[in-house]
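Structure, as structure tokens:
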Amino acid sequence: MLTPHQIELVKATVPVLQAHGVDLTKHFYARMLSKNPELRNVFNQAHQARGAQQQALAAAVLAYAQNIEHPENLLGAVKQIAQRHCSLGIRAEQYQIVGHHLIESIKEVLGAAATPELIDAWTAAYGMLADILIKAEQDIYNQQTAAQGGWSGWRPFECVNRVQESEDVVSFYFRPTDGGPVPSYLPGQYTTVRVFSKAMQIAQPRQYTLSQAAGSGMLRISVKLVLGTQGAPDGLVSSILHNRVKVGDVVELSAPTGGFALEDAKSEHPLVLIAAGIGITPMVPMLETLAVENPLRKVHFLYTTQNLAHYPLKKEVDAAIKGMPNAAKGIFFTQPGQADHLGVDYDAAGRITPANIRNFCQDPDADFFICGPIGFMQDVSKALKDIGVIPARIHTEVFGTGSAD
């Protein structure tokens, strides 16, 4: 437990973290990954190169300092972080390594301002946070291993099929090499794929949504090939999956997890699913599950993409909605192709606008799930709040680091 004086010392660092938090986390990651290079297998090196993880960690450290008196305010964030850590196979013993480098980084970055009292306060604060996360993660691991067909850590899976869904999206179907079952999972949850990069000579993990409803005996992910723009490199893991992983190849997967999920398919609340681009992947298992478990539920599905050539999983969407008499969809193409038929392949040209959202989202009791680029989700979330939807009914999923708030 922190003493009242230690709490005040941590709170006093808030202005410093606001001004120099990213400098601290850049130093921390550089220090840790140079002295413990084995952890490069855990961290997304593309996010490291872009500075995304450094910014995300700086925001998390700042939020912790701001809420040091009331850590319960961060329970939602703790749950999300714990789920992400479990998907990466983070273990309790690694917190000691992280804590050591974080405290040493505070000393090195703050210099003389890092008094022994301040270091003791932040050491105690980190220890308290680590204990919270370790417990939350152990609870998740226990749940995963207790589930029928469940596991924790990494499990080898064979690619048994791959399907070209659109110009830049391929679906991969994986079955455990041990011949055992796979656990059930909630529609919208994700798995982590770990592959070896020959170029970097390290393993690299990436999270991908499970893009079909549970029950097939396999795990399916649908992966968009990320092409670099403005000098940025192509996506490392998406390129390996698209260009190297064939039927018969083996990859490692983590157990399904994630909080962006349809937890109660039997609910009578209306449901609105709003997606852009590859953000369609969690929506498909939600629609498939509803078509089986609650086909009479009132559902609206709004989706925007470039055109028919960039519309993955269309057959699954159409099949699910066809069996749901109270479901409706609105498809928006931003760049309709010459062969794309208005009223057949799509319903309107252009992007989803606040007016479209208001037309489809008139029930204040509805639950809203949004997935797509961060800017898209921020715009949609704002439009929903502007028409009176309470934040608790708005659910978002960010691919990678960042926030849709």
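The values are calculated or read from the model by the stated rules, or taken from the named source; none is laboratory data. The shown structure was predicted, so the numbers you read here are calculated from the model rather than taken from an experiment. Glycine gets a Cβ as well: all are built from the backbone with ideal geometry, and neighbour counts include every protein chain shown. Surface accessibility is based on the protein's heavy atoms, side chains included, excluding ligands, DNA and RNA. Shrake-Rupley method; radii C 1.70, N 1.55, O 1.52, S 1.80 Å.
Here are the numbers:
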| quantity | calculated |
| --- | --- |
| All positions within segment 155-171 that are part of a loop (DSSP other than H, G, I, E, B) and open to solvent by 60 Å² or more (accessible area, probe 1.4 Å) | E167 |
| Subset tally (residues that are open to solvent by 30 Å² or more (accessible area, probe 1.4 Å) and part of a helix (DSSP H, G or I)) for segment 31-44 | 7 |
| Selection count where residues are over 22 Å from the mean Cα position of the chain (by Cα) and crowded, with 19+ Cβ neighbours inside 10 Å, scope segment 3-25 | 7 |
| Answer from K314, K329 - the residue that is over 21 Å from L210 (Cα atoms), open to solvent by 40 Å² or more (accessible area, probe 1.4 Å) and among the charged types (D, E, K, R) | K329 |
| First in segment 358-384 and small (G, A, S), second anywhere and crowded, with 18+ Cβ neighbours inside 10 Å and part of a helix (DSSP H, G or I), Cβ under 7 Å, 6 or more apart | G372/G277; G372/G279; A383/I357 |
| Some residue of segment 85-103 being outside the structural domain of Q204 (by the TED database) and more than 25 Å from E38 (Cα to Cα) | no |
| Subset tally (residues that are hydroxyl-bearing (S, T, Y) and closer than 18 Å to K315 by Cα) for segment 326-367 | 1 |
| Residues of segment 76-111 that turn out to be out of contact with any Leu (no Cβ under 9 Å at 6 or more places or on another chain) and closer than 23 Å to I374 by Cβ, as a count | 8 |
| Residues within segment 323-366 that are more than 15 Å from Y311 (Cβ to Cβ) and among the aromatic types (F, W, Y), tallied | 1 |
| Residue in segment 91-106 that is open to solvent by 30 Å² or more (accessible area, probe 1.4 Å), outside any helix (DSSP H, G or I) and within 28 Å of A19 (Cβ to Cβ) present | no |
| Criterion violated by I370 - all others in (1) closer than 29 Å to T191 by Cβ; (2) surrounded by fewer than 18 Cβ atoms within 10 Å (Cβ to Cβ); (3) touching a strand residue (DSSP E or B) at 6+ places or on another chain (Cβ under 6 Å); (4) not polar (S, T, N, Q) satisfied | (2) |
| Selection from segment 177-197 of residues that are of a type in the set (S, T, Y) and not in a loop (DSSP other than H, G, I, E, B) | Y190, T191, T192, S197 |
| L296 being in the same structural domain as K315 (by the TED database), over 17 Å from V170 (Cα atoms) and open to solvent by 60 Å² or more (accessible area, probe 1.4 Å) | yes |
| Verdict on Q143 being part of a helix (DSSP H, G or I) and either open to solvent by 20 Å² or more (accessible area, probe 1.4 Å) or under 26 Å from V284 (Cα atoms) (or both) | yes |
| Set T334, T353, T396: member being hydroxyl-bearing (S, T, Y) and farther than 22 Å from V284 by Cβ | T353 |
| Residue match in segment 346-359 (condition: modelled with pLDDT of 90 or more and among the polar types (S, T, N, Q)) | no |
| Subset of segment 50-79 (residues that are of a type in the set (G, A, S) and not in a helix (DSSP H, G or I)) | G51 |
| Among (1) closer than 15 Å to V16 by Cα; (2) open to solvent by 50 Å² or more (accessible area, probe 1.4 Å), the one test that W122 misses | (2) |
| Residue selected from segment 332-357 under the condition open to solvent by 30 Å² or more (accessible area, probe 1.4 Å) and under 27 Å from the mean Cα position of the chain (by Cα), by the criterion nearest to I387 (Cα to Cα) | P354 |
| Number of the exception - M286 against (1) surrounded by fewer than 21 Cβ atoms within 10 Å (Cβ to Cβ); (2) within 30 Å of A146 (Cα to Cα) | (1) |
| Conditions (1) more than 17 Å from I280 (Cα to Cα); (2) at pLDDT below 95; (3) not charged (D, E, K, R); number of the one not met by A328 | (1) |
| Test: D318 is of a type in the set (D, E) and under 25 Å from L225 (Cβ atoms) | yes |
| Qualifying residue in segment 172-179 (condition: open to solvent by less than 10 Å² (accessible area, probe 1.4 Å), within 20 Å of S238 (Cβ to Cβ) and not assigned by the TED database to the domain that holds I278) | yes |
